[in-house]
Every structure is written in structure tokens, then in C-alpha cells.
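Heads up, the thing below is written out as C-alpha cells.
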Amino acid sequence: MFPSSLSIRRYNMERIRRRGLAYSVDLAAFVCSALIAFELRFDGALPTAYIRPMGMALCIWAALKWTSFLVCRVSWRHWRHTSANDVVRIVAANTVGSLAGGLGIVLL
């Protein structure tokens, strides 16, 4: 095995690791925002009857929002160099994810 191919392989593995970490952070942010939205809706006192529906809604909404961000290729590494075209893509991903999540929750 050539030394150059070994360094390329290490670089690719590091890139995959960083990308996976970024996607995990995005998913965690979506979950936290949904939890905060539920807590704000019920003034910090979530009734026990809503805990199970909240869990299901949170999973559906976060998964669909995360998927829309993946499909639209919105990533945290591009935020430093955001242009007007990127803003349109971010708004579109956010809108599609929210609408798909809301529709999924309503249908369930």
C-alpha cells in the first residue's frame, strides 16, 4: 500500500467522522427545539397525558426535519460562507421539513 493512499484513506475517514458528528448535532438541535416548543406550549408543566404523544410527535418531526436538511444539503460547515442562494435553500429545507413533520403528525 502506498503512503499517499494511506493518507487519503485517513483523510476520508476523518471527513466521514466529522460529517457524522455534524449530522448528529443537527438532529440533537431539532430534538431540543421540539422539546422547548412543547414546554413553552404548556408553560413548563407538560401534563402526563401528553408525554407519549409528545414523544411520537418529536420523533416524527425531528426525523423529517433532519431528512429535509439532508436532502437539501444544508450543512453546518457552510454557515461561514452563506450566500443569498444558500439562504433560499435553508428556508426551503426548513419549510419542507416543518410541513412534512406537521403533516406526518396529523396523519398519525
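Data overview
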read-out: Heavy atoms of residue 39: accessible area, 1.4 Å probe, square angstrom to 10; value: 70 Å²
read-out: Extension gain, residue 35 back to residue 95 (0.36 nm per residue minus Cα-Cα distance, nm); value: 19.7 nm
read-out: Alpha-carbon spread of the stretch 19-73, three principal axes, descending order, Å; value: 37, 16, 15
read-out: Probe 1.4 Å, protein heavy atoms only - accessible area per residue of the chain in square angstrom; value: 75 Å²
read-out: Cα-derived Rg to Rh of the stretch 34-108, Kirkwood definition; value: 1.08
read-out: Extension gain from residue 10 to residue 42, taking 0.36 nm per residue of separation minus the Cα-Cα distance; value: 6.7 nm
read-out: Cα lying deepest toward the dipole's positive end in the stretch 10-71, options 34, 54, 70, charges on Cβ; value: 70
read-out: The chain, accessible surface, carbon-and-sulfur percent (1.4 angstrom probe); value: 69 percent
read-out: Estimated [θ] at 222 nm from DSSP helical runs (n ≥ 4, -39500 (n - 2.57)) normalised by residues in the chain, nearest 500; value: -28000 deg cm²/dmol
read-out: On Cα atoms only, tilt of 51-71 relative to the major axis of the chain in degrees; value: 30 degrees
read-out: Cα→Cβ-extended label distance, 7 Å offset, between residue 83 and residue 108, nm; value: 3.8 nm
read-out: Selection of chymotrypsin sites (Phe, Trp or Tyr not before Pro), the stretch 10-62, meeting DSSP coil and at most 16 other Cβ within 10 Å; value: 42
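The values are calculated or read from the model by the stated rules, or taken from the named source; none is laboratory data. Since this is a predicted model, take the numbers as computed values, not measurements. Positions of Cβ are backbone-derived with ideal geometry, glycine not excepted, and every protein chain shown enters the neighbour counts. Each accessible area value is taken on the protein alone, full model and side chains, heavy atoms only, with ligands, DNA and RNA left out. Shrake-Rupley method; radii C 1.70, N 1.55, O 1.52, S 1.80 Å.
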